[in-house]
Amino acid sequence: MKPLKIGVYIRVSTDDQVNQHEGSLDSQKYRIKEFVKYKNTQQKGWGDIVDYYVEEGVSA
């Protein structure tokens, strides 16, 4: 089985969220990287993050 190619979309909707640790872009990126690392320990070659798509402080 080929590894999944993972594109990660992370965002915050306000400038305040950018500056908070919980839910910040860095925190979201860290958590998804750890999740992928965990999945790869469960199943060798599960997936690789190939790109990040980031929206910073943009409200819908």
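All of the numbers you see were taken from the coordinates with simple rules; none came from a lab. Values in this document were obtained by computation on a predicted structure and should not be read as measured data. Every residue, glycine among them, receives a Cβ derived from its backbone with ideal geometry; neighbour counts consider all protein chains shown.
A compact table of results
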item: Net charge, GLN43 excluded, C-beta distance under 14 Å - Lys, Arg +1, Asp, Glu -1; result: +3
item: Cβ-based net charge around GLY7, under 14 Å, with every Lys or Arg adding one and every Asp or Glu removing one; result: +1
